[in-house]
Amino acid sequence: MKLLPPPPRLARTPPASGHLAYLDGLRTLAIIAVLVYHQDNAWLPGGYLGVEVFFVISGFIITHLLYKEWAERRRIGFGAFYSKRFKRLSPSMLVMALAVSVWLVWRHPDNSLQIRTDLPYALGFMGNLQYIFAQRSYFETIDRPVFEHLWSLGVEFQFYLLWPLLCLFWFRLPVWAAATLLVAGATASYGWMAALYLHLPPAQDPSRLYFGTDTRVGAFLVGALAWLWVRGRKPPRELQGLSALLALAVFEALLLALYLLDTNNLYLYKGGFAAIAVLTALMIAHCHLSHRHDPLALLLGNPLTAWLGDRSYGIYLWHWPVFCLSLPFVDVPLEGGKLFALRLAVTLVCAELSHRLVEKPVRQGALGRIWPAFNGAPRQRWQAVGVTALLLGAGIYGCERLIRATQAAFVQAAAAMPVAATRIDGEDEAMPIPPVFVASVLIANPPPVYLHREFSPPFLGPHIGKPDVVIARASGHLPPQVVWDKNPANGYILRVRNHPKAKAAYLAIGDSVMVGAAAELLRQKPDLMMDAKVGRQLVEAVPLLGSADQAQASTVLVHLGNNGPFNQAQVNKLVNSLKNGQRLVLVNLKLPRNYEATNNRILEKAAEHPGVKLVNWRSVGLAAKDVFASDGLHLTAKGIRLYTQTLLKALTEADHTPPTASAPPKPLTEASVGRGVLAAGVGRVN
């Protein structure tokens with residue numbers, strides 16, 4: 001029975017420092033993929049999977065470090081291990097969190113609530129669990145969730161907590177048994193992910209699968225399996241050439257997967273994550289056993305990738321806040337490549353400063369030199385940790401008091417605003433504004449979902465009262481059949497729909513943007529049938545079109561896609577669901593998110609169908625001033641009027657568009673879907 005022996009001499013002995021240059025290359029690949037994806041998911045649709053590459057690398061390294069200590073001392077120093085992991089992750093994260101919190105309070109106080117609701121969980125490495133319990137979506141990014149990316153550190157640290165304990169047992173097993181357990185564990189994790197995905201209701205957000213430690217631990221175990229595979233192996237010299245060619249093929253396959261596995265891919269949760277992990281592990285195993293002139297090892301271990309890989313953690317920490325605080329045409333007058341260059345420059349500067357001033361000093365023992373108690377006896381270390389936690393808590397409490405004071409100032413300023421009139425069609429009339437708009441004014445009692453913070457005080461015209469008062473005022477301007485669904489917890493409007501008694505010629509389906517403009521739309525066109533719902537995804541429009549009332553409309557207007565990416569198959573299904581004689585008006589998107597360009601291109605493609613018209617709301621909105629609120633998506637009072645005029649004009653023009661009966665749209669086929677997403681996957685929105 002072959003047990004795990006002490007570390008033998010491998011084919012290519014790592015340097016004395018234990019640093020493996022090819023891992024820096026893989027880190028560089030992973031962080032570049034994440035950066036490109038967060039800028040524009042059309043550039044690299046599967047770039048978010050760079051996080052999976054990071055997880056595999058972590059599993060490999062941590063297993064190597066734990067076994068090295070166990071082989072030398074036949075025990076694992078848990079205190080020292082957790083202390084090193086904490087000092088590796090926490091100092092840079094604390095500095096980033098402090099800097100970003102100050103910037104939020106100063107420049108974006110209406111977004112500062114997350115300092116109190118999200119940051120404590122993130123600093124405690126439980127952000128992913130908090131997002132699961134709060135049913136937070138990873139793929140629906142509204143507002144500025146500057147700490148959301150720290151979820152991955154939660155998954156990583158939770159693995160660190162459990163894996164050393166399991167290794168005490170695992171290191172004592174025979175090699176075949178150790179490998180069997182790793183394969184079984186990884187298979188169980190990815191199998192559990194697939195099972196949960198298959199049981200999701202249609203249109204259910206799969207963020208639970210993305211955030212879950214149980215569904216993501218498979219990547220760490222695959223990394224540990226790669227470490228187990230390379231131990232003691234020395235491939236025959238005559239096979240190294242063939243191995244190099246196969247490794248380059250694996251590298252190309254990984255790049256191809258990062259391009260093909262977009263968030264709507266049917267196979268993402270049914271083997272896609274596992275494929276990324278296995279490809280990464282194969283590259284690690286090859287580079288670890290290869291000779292020094294191996295092409296892939298040289299490519300991954302060059303000086304540039306070494307520099308970027310050494311700073312990849314800092315780049316990951318800083319890039320997301322930088323991206324969230326530099327929204328196109330909201331914070332900076334740039335988009336596309338120019339905006340990406342600016343964001344990249346700021347991120348690299350912040351990461352370099354963090355590397356030089358925080359990461360390297362801490363790695364070299366700065367904490368011990370600054371406070372000897374960190375290197376003292378166990379009792380002294382615990383005292384030092386306690387005092388540090390006390391100071392950190394005091395700092396967080398101080399930030400919270402500052403946030404509350406800022407919020408109180410906004411409430412006081414809003415209360416002091418005189419009631420103003422909004423001029424509509426030459427008449428002075430106070431335009432009813434649903435309470436979906438007033439969350440930033442009522443910020444002292446904020447809603448649990450950030451989606452409703454669409455207005456900042458400078459954009460408010462009339463003084464807004466309590467939600468019930470506003471609903472009564474709004475309903476006074478609308479026909480009695482209009483129904484406003486409220487969130488019972490806070491009174492904010494979630495859905496607006498109506499049921500005209502007579503047959504309606506027009507049907508409008510939308511999300512929170514249309515909810516905000518509902519009162520004005522129905523005021524100017526009372527016979528419009530509407531169904532607008534906060535957070536609605538595009539696939540949810542298909543069942544609405546199938547209902548008896550909605551099927552009567554001769555023209556259907558759909559403005560959806562702000563809450564997440566969709567694919568061609570889902571839009572094709574929407575087009576195919578139209579009845580003969582119906583016309584479809586699609587409204588493109590203006591939102592500062594990485595899926596804007598992709599969604600708009602798909603909508604442009606759909607407009608090629610007979611009977612389908614596209615409204616270029618993005619161009620109309622950007623051409624005017626003071627149209628969008630502080631999130632760059634929802635509308636000011638002026639924006640509501642422009643939005644209403646644009647949509648009603650499009651409905652009028654659609655009457656002159658030939659209906660779908662003249663040339664039915666092409667049926668949904670594999671060729672029309674693209675990238676292997678079939679009709680069976682329609683309704684699964686990520």
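The helices (runs of 4 or more DSSP H) found entirely in region 255-374 that carry 3 or more residues being touching a residue at least 12 places away in the same chain (Cβ under 8 Å) are 273-289, 295-300, 303-310, 312-324, 336-354.
Let's see how each residue does on (1) assigned to a loop (DSSP other than H, G, I, E, B); (2) under 15 Å from Ile509 (Cβ atoms); (3) open to solvent by less than 10 Å² (accessible area, probe 1.4 Å):
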site	(1), (2), (3)
Leu557	no, yes, yes
Asn580	yes, no, no
Leu591	yes, no, yes
Glu608	yes, no, no
Leu614	no, no, no
Ser630	yes, no, no
Thr646	no, no, no
Ala650	no, yes, yes
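Residues that are part of a helix (DSSP H, G or I) and either open to solvent by less than 10 Å² (accessible area, probe 1.4 Å) or charged (D, E, K, R) (or both) within region 198-211 comprise Ser207, Arg208, Leu209, Tyr210, Phe211, listed in sequence order.
For the residues Val620, Val556, the requirement of being in contact with a helix residue (DSSP H, G or I) (Cβ under 7 Å, 6 or more places away or on another chain), farther than 30 Å from Val36 by Cα and β-branched (Val, Ile, Thr) singles out Val556. For region 18-63, the candidate set comprises residues that are in a loop (DSSP other than H, G, I, E, B) and within 29 Å of Arg75 (Cα to Cα); within that set, the residue that is modelled with the highest pLDDT is Leu20. Looking at region 320-340, is at least one residue surrounded by fewer than 18 Cβ atoms within 10 Å (Cβ to Cβ), over 29 Å from Val217 (Cβ atoms) and basic (Lys, Arg)? Yes. Within region 107-166, the set of residues being of a type in the set (Phe, Trp, Tyr), open to solvent by 20 Å² or more (accessible area, probe 1.4 Å) and assigned to a helix (DSSP H, G or I) comprises Tyr121, Phe133, Phe157. Answer yes or no as to whether Leu544 is part of a loop (DSSP other than H, G, I, E, B), over 14 Å from Ile602 (Cα atoms) and not β-branched (Val, Ile, Thr). No, not satisfied. Restricting attention to region 591-607, the residues that are without any contact (Cβ under 8 Å) to a residue 60 or more places away in the chain and among the β-branched types (Val, Ile, Thr) add up to 1. The set of residues in region 24-53 that are open to solvent by 40 Å² or more (accessible area, probe 1.4 Å), of a type in the set (A, V, I, L, M, F, W, C) and touching a residue at least 12 places away in the same chain (Cβ under 8 Å) contains only Ile32. It is to be established whether one or more residues within region 231-243 are of a type in the set (A, V, I, L, M), on the phi < 0 side of the Ramachandran plot and surrounded by 16 or more Cβ atoms within 10 Å (Cβ to Cβ). Within region 231-243 (the criterion being of a type in the set (A, V, I, L, M), on the phi < 0 side of the Ramachandran plot and surrounded by 16 or more Cβ atoms within 10 Å (Cβ to Cβ)), the answer is no, since none of the residues qualifies. Return the pair list, or none, for Cβ contacts closer than 6 Å from residues in region 608-631 that are touching a residue at least 60 places away in the same chain (Cβ under 8 Å) to residues that are of a type in the set (Asp, Glu), at least 6 apart or on different chains. Pairs that qualify, where the first residue is touching a residue at least 60 places away in the same chain (Cβ under 8 Å) and the partner is of a type in the set (Asp, Glu), are Ala629/Glu454; Asp631/Asp143. Within region 185-203, residues that are more than 20 Å from Gln135 (Cβ to Cβ) reach partners that are of a type in the set (D, E, K, R) with beta carbons closer than 8 Å, at six or more positions or on different chains, in the pairs Ser189/Asp214; Ser189/Arg216; Ala194/Lys270. Of all residues in region 71-88, those being closer than 10 Å to Pro164 by Cα and in a helix (DSSP H, G or I) number 3. Tallying residues that are acidic (Asp, Glu) and either surrounded by 20 or more Cβ atoms within 10 Å (Cβ to Cβ) or more than 11 Å from Ala351 (Cβ to Cβ) (or both) within region 298-319 yields 0.
Looking across region 309-351, the residues that are charged (D, E, K, R) and farther than 15 Å from His38 by Cβ come down to Asp310, Arg311, Asp331, Lys338. Scanning for something among the small types (Gly, Ala, Ser) and either free of Cβ contacts under 8 Å to residues at least 12 places away in the same chain or within 16 Å of Leu635 (Cα to Cα) (or both), does region 525-533 turn up at least one residue? Within region 525-533, one or more residues are among the small types (Gly, Ala, Ser) and either free of Cβ contacts under 8 Å to residues at least 12 places away in the same chain or within 16 Å of Leu635 (Cα to Cα) (or both). Taking region 280-295 as the range and being buried (at least 23 other Cβ atoms within 10 Å of the Cβ) and aliphatic (A, V, I, L, M) as the test, the residues that pass are Ala281, Met283, Ile284. The single condition among (1) in contact with a helix residue (DSSP H, G or I) (Cβ under 7 Å, 6 or more places away or on another chain); (2) modelled with pLDDT under 95; (3) closer than 30 Å to Ser512 by Cα that Leu150 does not meet is (2). The residues listed here are Gly516, Gly510, Gly476, Gly465; of these, the one that is over 25 Å from Gln582 (Cα atoms) and modelled with pLDDT of 85 or more is Gly516.
Looking at Ala188, is it open to solvent by less than 40 Å² (accessible area, probe 1.4 Å), at pLDDT 95 or above and within 30 Å of Leu289 (Cβ to Cβ)? So Ala188 does not fit the description; no.
Of these, Phe323, Phe273, Phe251, which one is closer than 25 Å to Trp229 by Cα, under 18 Å from the mean Cα position of the chain (by Cα) and at pLDDT 90 or above? Of Phe323, Phe273, Phe251, the one residue that is closer than 25 Å to Trp229 by Cα, under 18 Å from the mean Cα position of the chain (by Cα) and at pLDDT 90 or above is Phe273.
For region 212-219, the criterion of being within 27 Å of Gly185 (Cα to Cα), open to solvent by 20 Å² or more (accessible area, probe 1.4 Å) and polar (S, T, N, Q) is met by at least one residue.
The values are calculated or read from the model by the stated rules, or taken from the named source; none is laboratory data. Owing to the predicted nature of the structure, the values given are computational and were not obtained by experimental measurement. Neighbour counts are summed over all protein chains in view; Cβ atoms, including those assigned to glycine, are modelled from backbone coordinates with ideal geometry. For the accessible areas, the whole protein counts, side chains as well, though only heavy atoms, and no ligand, DNA or RNA atoms are used. Shrake-Rupley method; radii C 1.70, N 1.55, O 1.52, S 1.80 Å.
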